[in-house]
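Peer 1: Pasting a structure below so you can have a look.
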Amino acid sequence: MAEVKVKKETNLSDPAEVENRIKELCQQFPHGITDQVIQNDLPHLEPQQRAMAINKLLSLGQLDLLRNSSGLLYRLKDTQSASKMKGSDNQEKLVYQIIEDAGNKGIWSRDIRFKSNLPLTEINKILKNLESKKLIKAVKSVAASKKKVYMLYNLQPDRSVTGGAWYSDQDFESEFVEVLNQQCFKFLQSKAEAARDSKQSPMVQRNSSFATSHEVWKYICELGISKVDLSMDDIETILNTLIYDGKVEMTVIAAKEGTVGSVDGQMKLYRGVNPVIQPTGLVKTPCGLCPVFDDCHEGGEISPSNCIYMTEWLDF
């Protein structure tokens, strides 16, 4: 046992062996390692030797230097990223890595500044340089029209950034949403009318009046009223607005795994409904059916004074 220990210490005294061991640690921890991890694995290694090995790996472009709340992180560099960033300095590589980690949701320049600890002027310079190389791109976010998020050039922005099918050039397509609203409701109404005309028992009529979101989605696709490809989630969003309007009700049933439209062994069913009695005056107000009623207060992001639905209702 003593002989093996001596052999290990001798090997680790060789700079090449130290560098290889650090790379092995990075492979074991793909999200990155700290200085403490290296110290724990190589307790007999002098700080100066450790620093020399790390600096050499960084200069060779084999490691990425990152920063998080606990300090510096060293991560094994992706070979594809390394070829793209050839000739870039460490600051530019750091900013590129931060943007890459953000994925297709992107990251604001303010957050890049926080994570990199670089001056804003330097970050802006780096961002322009990376954009000119077509390594990253700036995308306007529907969450904040005056702000841009940065992501890798070849990524398709997440729906939370673009707004999905309901937005075009950061503008909400209210007319398009209204048309979809009407057509989805029309389909469910026709389904309910066909069930009533069948003259079957009330329970059979009720069950046959339901439609899956997949059936509604298929109907909308066949109409050809959308210039963009709509997903099942998009149609379910429209159906949810009809539920809030009191025009549609939803139920959830168990479904066999693999059934079209089912998720985790469950399937959502929708049907158009007619109110048994006229709703009271309070319910007719936007507040009566508002899904974010509890979050609405004066001075908040959602408030009566800037509610477009309340304004339209009062104008009517």
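Each value in this text was obtained by applying a stated rule to the coordinates, not by laboratory testing. A quick note: this is a predicted structure, and the numbers were derived from the prediction, not measured. Note that we place each Cβ from the backbone using ideal geometry, even for glycine, and neighbour counts take in every protein chain shown.
Peer 1: Using a simple charge model, +1 on the beta-carbon of Lys and Arg, -1 on the beta-carbon of Asp and Glu, nothing else, what dipole does segment 118-260 show about its Cα centre, in debye to the nearest 20?
Peer 2: Values: 19 positive and 19 negative charges, 107 e Å.
My answer is approximately 520 debye.
Peer 1: Sticking with this one: Scale the Cα Rg of segment 146-219 by the rule-of-thumb value 2.2 N^0.38 Å and send over the ratio, two decimals.
Peer 2: 1.71
Peer 1: Let me check I have the definition right: for segment 108-232, take the eigenvalues of the Cα gyration tensor, multiply each by 5, take square roots. What are those semi-axes in whole Å, largest first?
Peer 2: Semi-axes from the Cα gyration tensor: 48, 13, 12 Å.
Peer 1: Applying a 10 Å radius around every beta-carbon, put 221-228, 245-252 in order of their mean neighbour count, most first. Before the final figure, lay out each step's value.
Peer 2: Values: 221-228: 11.1, 245-252: 14.5.
In decreasing order of mean packing, 221-228, 245-252 become 245-252, 221-228.
Peer 1: Of the peptides 49-56, 183-190, how do they stack up when ordered by the mean number of other Cβ atoms within 10 Å, highest first?
Peer 2: 183-190, 49-56
Peer 1: If you don't mind, another one. Could you tell me which of the pairs Lys148/Lys227; Lys56/Lys125; Lys56/Lys105; Lys115/Lys227; Lys77/Lys148; Lys146/Lys268 are separated by over 31 angstrom between their Cα atoms in the structure shown?
Peer 2: Check vs 31 Å cut-off fails for Lys56/Lys105; Lys115/Lys227; Lys146/Lys268.
Peer 1: Taking the Cβ of Ala195 as the centre, find all other residues whose Cβ is under 9 Å away and add up their charges (Lys, Arg: +1; Asp, Glu: -1). Don't skip to the answer; put the middle values down first.
Peer 2: Details: positive: Lys191, Arg196, Arg206, Arg271; negative: Glu193, Asp197.
Taking every other residue near Ala195 into account, the sum is +2.
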